[in-house]
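A short worksheet on the structure shown next.
The values are calculated or read from the model by the stated rules, or taken from the named source; none is laboratory data. Computed from a prediction, not measured in an experiment: that's the story for all the values here. Cβ placement follows ideal geometry from the backbone for every residue including glycine, while neighbour counts extend to all protein chains displayed. With ligands, DNA and RNA removed, areas are computed over all heavy atoms of the protein, side chains included. Shrake-Rupley method; radii C 1.70, N 1.55, O 1.52, S 1.80 Å.
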Amino acid sequence: MRRFLFVSCLTFFAASPASADITHAIKSSISLTVDGAASQATRLPSTLSVSGSNVTLGTVPKFGSYSAGTALGYTPGEFTITTAGDSFSYTESFLGGDNTPTALSTTVTAGVVPALLTFGSTVVNSGGVAGTLAGTLATDGAMSITAGGAGTAAVAQLVQELSIR
């Protein structure tokens, strides 16, 4: 029994080895971006509005024929005054919309759009030009960025972490 007690005391009072977790991480990255070209076109419609009082329509105003490659036409209305000598009003308005395109899409070749659709509401963003855009990372953490042309961005990052527990 004495031996057991002696061994248990030795185990209990013995120095425990030190333990620590050490983590070291190095992360580096470069991001090079060139904006793409974009176009958004919204075709505006043709509208026709007629209103009046004390008038009788003889010929009703109407839209013209609808065919690819042309705008929607318009034929004005004809009217007569209903009661002669009384006041009257007549308003007729027409807003001609965009032509009906023969093609509703375009071809993109090597990032270039040779012809954009143009409608009443068109937004065009020109694409970036890479030019001399470049970036390098060396194994020692040294970074180098070379500016590009319009519509480009370059971001370099180096992160070092040291964690001791």
Length gained, residue 50-residue 89, 0.36 nm per residue minus C-alpha separation, equals 13.0 nm
For residue 132 and residue 157, extending 7 Å from Cα along the Cα-Cβ vector and measuring point to point gives, in nm, a value of 2.7
Heavy-atom accessible area of residue 90, protein chains in place, probe 1.4 angstrom, given in Å² to nearest 10, is 50
Scoring only Lys, Arg, Asp and Glu (+1, +1, -1, -1) among other residues with Cβ under 15 Å from the Cβ of residue 60 yields -1
